[in-house]
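Heads up: the structure comes next, in structure tokens.
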Amino acid sequence: MLAGMTSEPEQQIGVGTQDAFQRLWTPHRMAYIQGENKPSGPGADDGCPFCSIPAKSDEDGLVIARGAHVYAVLNLYPYNGGHLMVVPFRHVADYTELDAAETAELAELTKHAMTALRTASGAHGFNIGMNQGAVAGAGIAAHLHQHVVPRWGGDTNFMPVVGHTKILPQLLADTRRMLADAWPA
């Protein structure tokens with residue numbers, strides 16, 4: 001538990017009009033908000049997490065599968081359970097910078113990711129996409145990555161819409177293992 005944090009409810013004076021809502025605190029998100037794991041600059045040697053992940057074990061890096069040119073990795077700050085990314089090993093920022101082999105393998109691993117997510121978790125659909133550049137929402141704009149977010153009927157429930165809270169039913173390490181086991185050969 002973080003210093004000064006408590007799991008006990010406490011009365012907070014001055015935070016607005018009291019209402020009947022309970023609050024689900026997600027202090028682990030502060031790491032993302034405060035820029036943890038974000039590069040200090042645009043270069044591969046500026047602390048790019050997508051450049052450092054491949055040197056780690058699959059378990060430590062949350063890597064699900066590795067190809068010759070790209071790899072699949074769980075998102076450390078997922079939108080939904082099973083949210084993963086397909087990332088080129090090469091440090092490139094823009095989709096147009098990929099060569100033909102990287103483009104083909106990125107597409108192939110995206111298909112494998114969809115198959116694994118359907119097999120492991122029964123995903124009904126997917127949001128798949130890339131945010132190109134910081135102005136388009138890329139959290140790490142200097143290293144291209146494609147998001148694969150599994151979706152289920154009814155998963156856009158009140159929690160993210162009203163509560164601004166995501167429910168993740170499983171630890172990331174367990175999700176990584178489940179998807180790696182379901183990954184097509």
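The values are calculated or read from the model by the stated rules, or taken from the named source; none is laboratory data. Treat the numbers as computed from the prediction; the structure is a model and nothing was measured. Don't worry about glycine lacking a Cβ; one is built from the backbone with ideal geometry, like all the others, and counts go over all protein chains shown. Heavy atoms of the whole protein, side chains included, go into the accessibility calculation; ligands, DNA and RNA do not. Shrake-Rupley method; radii C 1.70, N 1.55, O 1.52, S 1.80 Å.
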Residue hits (the stretch 100-125; open to solvent by less than 70 Å² (accessible area, probe 1.4 Å) and not hydrophobic (A, V, I, L, M, F, W, C)) are E102, T103, E105, T110, H112, T115, S121, G122, G125
The correct count of residues that are acidic (D, E) and under 20 Å from P39 (Cβ atoms) in the stretch 71-101 is 2
Log entry, pairs with first residue in the stretch 126-142 being open to solvent by less than 50 Å² (accessible area, probe 1.4 Å), second being charged (D, E, K, R), beta carbons closer than 8 Å, six or more apart or on different chains, reads F126/R151; G139/K38; I140/K38; A142/D46
Can you find a residue that is without any contact (Cβ under 8 Å) to a residue 12 or more places away in the chain and surrounded by fewer than 18 Cβ atoms within 10 Å (Cβ to Cβ) anywhere in the stretch 80-98? yes
Given the conditions (1) part of a loop (DSSP other than H, G, I, E, B); (2) at pLDDT 95 or above; (3) of a type in the set (A, V, I, L, M, F, W, C), every one holds for I167 apart from (2)
The number of residues in the stretch 55-74 that are open to solvent by 10 Å² or more (accessible area, probe 1.4 Å) and not in a strand (DSSP E or B) is 10
Residues of the stretch 171-184 being modelled with pLDDT of 85 or more, open to solvent by 40 Å² or more (accessible area, probe 1.4 Å) and of a type in the set (A, V, I, L, M, F, W, C), in sequence order, are A173, M178, W183
**Report entry** Selection status of A107, farther than 17 Å from L179 by Cα and either at pLDDT 95 or above or touching a helix residue (DSSP H, G or I) at 6+ places or on another chain (Cβ under 6 Å) (or both)
**Finding:** yes
